[in-house]
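Structure first, then comments.
The values are calculated or read from the model by the stated rules, or taken from the named source; none is laboratory data. Everything quoted here is computed from the prediction, not taken from an experiment. Don't worry about glycine lacking a Cβ; one is built from the backbone with ideal geometry, like all the others, and counts go over all protein chains shown. Side chains are part of the model used for accessible areas, which takes the heavy atoms of the whole protein and leaves out ligands, DNA and RNA. Shrake-Rupley method; radii C 1.70, N 1.55, O 1.52, S 1.80 Å.
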Amino acid sequence: MRFFNIWNNGKGVIINMKIAMMTNNYKPFLAGVPISIERLAEGLKALGHQVVVFAPSYDDQQQEEDVIRYGSLLRGIAGGASLPNSLDPRIERSFREGNFDVIHVHHPMMIGSMACFLSWKYQVPLVFTYHTRYEQYLHYIGMPGLKKAMPMYLRHRLKSCSLVIAPTPHIGEYLGNIGISAPIRVLPTGILQDSFRPDEEAAMKLRKSLSGGREHLFCTVARLAKEKNLEFLLESLWLYKQAAGSNFKLVLIGDGPYRSTLIRQAKELGLSEEIIFTGKIPNEEIKNYCRASELFLFTSRSETQGIVLLEAMAAGTPVLALEATGTEDIVRNGVNGYMTQMSGEEKTERRAAQQAFAWKLMDILEKKELDILRQGAVDTACGYEYSHIARKAEEYYRAVLWEYQKRNDNLHRNQMVDMVY
C-alpha cells in the first residue's frame with residue numbers, strides 16, 4: 001500500500017490515490033453497475049487519482065487503458081453478460097504489481113470473494129457498493145430458494161469491509177436493518193454533464209417520427225427482464241387506452257431476455273400499434289428520446305437507485321413511477337413527477353395498482369402541469385452531477401485510509417509494547 005501524506009494540523013491527508021475497481025460486469029455489457037463504475041472512475045481521474053477497473057472479458061470488448069480484463073467462464077448469458085472467472089491468476093498478479101491504496105468492489109460474490117482475499121493478503125482497505133437487491137436476481141442462476149439466506153451472506157461477506165456504500169438513503173437503512181456492521185455511507189451514481197444537454201432539434205424530429213400523429217409520447221428505458229416489471233406497465237397502458245383512447249405511443253428502449261414475451265403481451269393486449277420496441281439505443285442518444293417525450297414511465301420495483309430516472313430528469317422529462325426502494329429517494333410528487341403505490345402481488349391488488357397508475361397518467365396530462373414538473377426534474381438531477389459525486393467518493397476514501405493507517409499504527413505500537421514487556 002502506498003501512502004502520500006500532507007500533514008496539516010496533525011492530520012494526514014492522502015492524495016493521488018490509486019484505486020482498484022473490481023466488478024463482475026462491465027462494458028460492453030449495458031447495465032446500471034457498469035455505468036456507475038465508469039462514471040465514478042472518470043470523475044476520480046478528473047480529480048487526479050488513478051483508477052484501474054478489473055472486469056471480465058467479453059467477445060466484443062474494446063481495449064482500454066486502465067481496464068484489466070480477466071477471464072470469463074461463460075459469455076453471452078442473460079442478455080450479453082459474462083460469467084466471470086474470479087480465480088483467474090491475472091487478477092492477483094495485476095493487483096500485486098499495481099500497488100493500490102484502496103479496493104472498491106461492486107459485487108459481494110465471485111469478484112467480491114477475491115477482493116476480500118486481496119484486501120486481507122496485501123493489507124489494503126476494502127470498500128463495497130451495494131448496487132443491487134441480489135435476492136431478486138437469484139432466478140438467473142437457478143437458486144431462487146436462497147432469497148432468505150442473502151442477508152446472512154451479506155453480513156458475513158461485508159464484515160471485512162472498511163466502508164459499505166449505499167446508492168440511496170433507503171438502501172442504507174436496509175443494510176443497517178439486516179445487521180451490516182461496517183460503516184455505511186450514501187453515494188449515488190453521478191449524472192454526466194452531457195445528460196443535461198439534449199439536442200432540441202433531434203428531439204423534435206424523434207417526437208414527430210415516433211408519435212405517428214398521436215397526441216402523447218411516453219418513453220421508458222429498461223433491460224427487458226422479468227424483474228423490471230414491464231408487464232405491469234403494458235397492462236396499465238391497456239387500462240389507460242380503455243379510458244382515454246389510442247392517443248399515445250410508448251417508446252420502450254432496451255433489450256433483454258424478456259423481449260419476445262413483452263412483444264407477445266403487447267399484441268395480446270391490442271397495444272402493438274402503441275408500443276415501439278427500439279432495442280438498444282446508444283447511451284448518448286437516450287437523452288433525446290427522453291426530451292421528445294412528455295413523461296418517463298417506470299414500473300420497476302428492483303432498483304437500488306434508478307439511474308435512468310435521473311437521466312430522464314436531466315433531459316427535462318418528468319417521471320411517473322411505482323413507489324419502490326430507489327425510486328422514492330428521487331421522485332417527489334408534484335415536484336418532478338409522481339409515484340403510485342402497489343400494495344401486493346395478489347391479482348386484485350395488482351389490478352388496483354394498474355388502475356391507479358393509469359388514472360394518475362390521465363390526471364397529469366389533464367392538469368397540464370408538465371412545465372412545472374419539467375423544471376423540478378432538472379433541478380433534482382443537478383444535485384447528482386458526477387463531479388460532485390466523485391468528490392464525495394474521494395472524501396470517503398481518504399477517511400477510510402486515514403482510519404486504516406491509524407488502526408495499523410496503533411496495532412504496531414501495541415505489538416512493540418508487548419515485545420518490550
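Among the residues of region 144-155, are any closer than 30 Å to GLU285 by Cα, open to solvent by less than 30 Å² (accessible area, probe 1.4 Å) and hydrophobic (A, V, I, L, M, F, W, C)? Before you say what the answer is, go through the steps one by one.
Just the residues of region 144-155 that are closer than 30 Å to GLU285 by Cα, to begin with: none.
Checked region 144-155: no residue is closer than 30 Å to GLU285 by Cα, open to solvent by less than 30 Å² (accessible area, probe 1.4 Å) and hydrophobic (A, V, I, L, M, F, W, C).
Filtering region 374-411 to residues that are touching a residue at least 60 places away in the same chain (Cβ under 8 Å) and not in a helix (DSSP H, G or I) leaves TYR384, GLU385.
Scanning region 85-99 for residues that are in contact with a strand residue (DSSP E or B) (Cβ under 7 Å, 6 or more places away or on another chain) and buried (at least 22 other Cβ atoms within 10 Å of the Cβ) yields a count of 2.
Which of the following residues is open to solvent by 50 Å² or more (accessible area, probe 1.4 Å) and at pLDDT 90 or above: TRP7, TRP120?
TRP120
Restricting attention to region 273-307 and to residues that are within 18 Å of the chain's Cα centre (by Cα) and of a type in the set (Phe, Trp, Tyr), the residue that is farthest from SER209 (Cα to Cα) turns out to be PHE298. Taking every residue in region 297-308 that is in contact (Cβ under 8 Å) with a residue 40 or more places away in the chain and open to solvent by 10 Å² or more (accessible area, probe 1.4 Å) and pairing it with any residue that is in a strand (DSSP E or B) and among the charged types (D, E, K, R), at least 6 positions away or on another chain, yields no pair with a Cβ-Cβ distance below 8 Å.
Among the numbered conditions (1) under 29 Å from TYR130 (Cα atoms); (2) of a type in the set (Asp, Glu); (3) modelled with pLDDT under 95, the only one that GLU369 does not meet is (1). Taking the numbered list (1) of a type outside the set (Asp, Glu); (2) at pLDDT 95 or above; (3) closer than 25 Å to ALA225 by Cβ in turn, SER82 passes all entries but (2).
Residues that are closer than 22 Å to CYS161 by Cβ, modelled with pLDDT of 95 or more, surrounded by fewer than 18 Cβ atoms within 10 Å (Cβ to Cβ) and of a type in the set (D, E, K, R) do occur in region 14-37. One residue alone among PRO151, PRO108 is in a loop (DSSP other than H, G, I, E, B), at pLDDT below 95 and not polar (S, T, N, Q), and that residue is PRO108. Of ARG214, ARG185, which residue is outside any loop (DSSP other than H, G, I, E, B) and either open to solvent by 30 Å² or more (accessible area, probe 1.4 Å) or closer than 20 Å to VAL400 by Cα (or both)? Checking each option against the conditions leaves just ARG185. The residue list THR348, THR327 contains one member that is open to solvent by 50 Å² or more (accessible area, probe 1.4 Å), over 19 Å from HIS216 (Cβ atoms), of a type outside the set (D, E, K, R) and without any contact (Cβ under 8 Å) to a residue 40 or more places away in the chain, which is THR348.
Can you name every residue in region 360-369 that is in contact (Cβ under 8 Å) with a residue 60 or more places away in the chain and surrounded by fewer than 16 Cβ atoms within 10 Å (Cβ to Cβ)? Residue satisfying the conditions is MET362 alone.
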